[in-house]
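None of the figures in this text is laboratory data; all of them are computed from the coordinates on show. Values in this document were obtained by computation on a predicted structure and should not be read as measured data. Neighbour counts are summed over all protein chains in view; Cβ atoms, including those assigned to glycine, are modelled from backbone coordinates with ideal geometry.
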Amino acid sequence: MDKIVVEGGSRLVGDIPIGGAKNAALPLLASALLPNGPSTFKNVPLLQDVATMGKLLRQLGCEVDGKHTMVIHPPTAKKAKLEAPYELVKTMRASIVVLGPLVARYGRARVSQPGGCAIGTRPIDQHLKGLAAMGAKIHLDHGYVDVECKRLKGATIVLDMPTVTGCENLMMAAALAKGRTVIENAAREPEVEDLGLVLNKMGAKVTGAGTAIITIEGVDELQPIEHTIIPDRIEAGTFAIAAALTRGDVLLQGARAEHMDAIIAKLRAAGSTVTVEAGGVRVRGGGDILPIDITTQPHPGFPTDMQAQFMVLATQAKGQSMIREMIFENRYMHVPELSRMGADIHVDGRTAIIRGGTKLSGAAVMATDLRASASLVLAGLVASGKTEVLRVYHLDRGYETIEKKLRGVGAKVKRVKA
Ligand code: EPZ
């Protein structure tokens, strides 16, 4: 297994190109199942999770070509293989977003239940509740969910919580249903908004995507489209922390500030200067790093996917910070590893208290989820000596050549092949 080796102490200065959003790409690639023809997506990030989605779509009978620009040609009903197997789904739980489009387009799907992952149990009860409300017959057995419905019908669905992929699944299902679907308490993430935009390009009638109430008038058929994927606000936020930590000056090329309001607000509260420029978002590390209090919330609240990264910044702040992780029940796996590097963090349930001003020292560390891994690389940038981040495959799931992008702005970081 490869590892990333970071030598602490560099000040980061320069431009970092921000790639397409992983969490937009995954549902969008799945949406290519809906129209009767090949759709083209540009600015697709080269990530392990995207490769997994490509493999899954091929497994379902799609022709999938290209890398940064992908063309996906869905199968005819005759050729479609309507099963997403455990071997694939277990490596990426977001595979569940093929469920809605498969049932909507082909009337049936058998998808392995994603099961939990390192950060939590990750249930799909809301996905299934919505599909059942639309008339689908649902059967669970042997760890798979079988969903069947000749033609889904519109329904009003009130989600228990604004689940991102739950909302995305139901939007795609509703696009080809008969009649009107209203999704209340919908997720408001920019990636959900981008999906609504793509469905409308296909000929769907979606209003309110990006707000808490989404209305979809079902249509009989959708047309293939071409679309450029929005930039990744979490990749951008991760590199913003690198700039803040090293008192650097970094332009996040292509980042869209309007997707990052909560992240930018907390960067400024921590003493960074953040300015919006034509080419993206510029982050300048301030003098003192100031303590911050963070509670993760559904968008537009502070994103859980940035919690681990901000925790590293808090270890360097002048004072005590508090973080409350309200979305996932087990998303503090980075804490023991940061503590081994010298951080002073106390976790009590969903709350973490971080006493700042601690000197970090490089160590061999490893993480068990994507954003925790990224936070260890960030810690290595300001730790004395060398930090080795093991199990780099977690990083490769969500960051395209992170070491290259950091080296491009002066970090001493390299990937060591196993
Ligand atoms: C999406 O996951 C993202 N993944 C996650 O990013 C992100 O952390 C998460 O949204 C929250 O913002 C993709 O978009 C591919 P949820 P998702 O359904 O959709 C509970 C990353 O690092 N819930 O919004 O799986 C669930 O347990 C990843 O890029 C139910 O109870 O998250 C959780 O507590 C990690 N029942 C909360 O809702 C359901 O049916 C939010 O989950 C669905 C969800």
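For the pairs Lys42/Lys150; Lys42/Lys79; Lys137/Lys178, note any where the Cα-Cα span goes beyond 28 Å.
Cα-Cα > 28 Å for Lys42/Lys150; rest within.
Give me a comma-separated list of calculated 3J(HN,Hα) values for the stretch 298-314, in order, Karplus coefficients 6.51, -1.76, 1.60 applied at θ = phi - 60°, integers in Hz, x for any Gly or Pro.
Karplus values, whole Hz, x for Gly and Pro: x, 4, x, x, 5, x, 4, 6, 10, 5, 5, 5, 5, 4, 5, 4, 5.
Distance between the C-alpha centers of the stretch 85-157 and the stretch 51-67? Whole Å please.
A separation of 19 Å, based on Cα centres.
For a Förster distance of 30 Å, can you work out the FRET efficiency between the beta-carbons of Ala418 and Ala278, rounded to the nearest 0.05?
So the FRET efficiency works out to roughly 0.10.
Determine, for Ser112, Ser384, Ser272, the number of other Cβ atoms within 10 Å of each Cβ, and report the residues in order from fewest to most.
If I rank by nearby Cβ atoms, fewest first, I get Ser384, Ser112, Ser272.
When the chain is modelled as a GNM with alpha-carbon springs shorter than 10 Å, which of Glu193, Glu277, Glu235 fluctuates the most?
Glu277
For the stretch 1-132, what relative contact order do you get, as a whole percent, if you take Cα pairs closer than 8 Å and at least 6 residues apart?
Over the stretch 1-132, the number comes to 21 percent.
Once you compute Rg and the Kirkwood Rh from C-alpha atoms, what is the Rg to Rh ratio for the stretch 100-199?
Ratio of gyration radius to Kirkwood radius: 0.95.
What ranking do 194-201, 159-166, 217-224 get when scored by the average of other Cβ atoms within 10 Å per residue, highest first?
Order by mean packing, descending: 194-201, 159-166, 217-224.
Could you work out the relative contact order of the chain? I mean the mean sequence separation of Cα pairs under 8 Å and 6+ apart, divided by the number of residues, in percent.
That works out to 21 percent.
Rounded to the nearest Å, what's the spacing between the alpha carbon centres of the stretch 267-316 and the stretch 337-385? Just the number, please.
First find each Cα centre; the distance between them is then 16 Å.
Under the 0.36 nm per residue contour assumption, what length would be gained going from the current alpha-carbon distance of Tyr393 and Asp344 to full extension?
Value of the extension gain: 14.9 nm.
Any chance you could give the angle, 0 to 90 degrees and rounded to 10, that helix 164-175 forms with the longest Cα principal axis of the chain?
Here the helix axis deviates by roughly 20 degrees.
Ranking Phe302, Phe239 by Cβ neighbours within 10 Å, fewest first, what do you get?
Phe302, Phe239
With each run of n ≥ 4 DSSP H residues scored as -39500 (n - 2.57), what mean residue ellipticity at 222 nm is computed for the chain after dividing by its residue count and rounding to the nearest 500 deg cm²/dmol?
-8500 deg cm²/dmol
Round to the nearest 10 and give me the degree value, 0 to 90, for the angle of helix 233-245's Cα axis relative to the longest principal axis of the chain.
With both axes taken from Cα atoms, the answer is about 0 degrees.
May I ask for the equivalent-ellipsoid semi-axes of the stretch 261-339, computed as the square root of five times each C-alpha gyration tensor eigenvalue and listed largest first in whole Å?
In descending order the semi-axes read 22, 16, 10 Å.
Order by neighbour count: Ile353, Ile216, fewest other Cβ atoms within 10 Å first, most last.
So the residues, fewest neighbours to most, are Ile353, Ile216.
Kindly express, to the nearest 10 degrees and within the range 0 to 90, the angle between helix 48-59's C-alpha long axis and the longest C-alpha principal axis of the chain.
Value to nearest ten degrees: 20.
Restricting attention to the alpha-carbon atoms of the chain, what are Rg (one decimal) and Dmax (integer), both in Å?
21.3, 64
Once amide H atoms are placed 1.01 Å from N in the peptide plane, what residues at a sequence separation of 5 or more from Gln113, or on another chain, have their amide H within under 5 Å of its amide H?
Amide H neighbours of Gln113: Tyr144, Val145.
How many angstrom separate the Cα center of the stretch 387-418 from the Cα center of the stretch 164-207?
So the separation of the two Cα centres works out to 35 Å.
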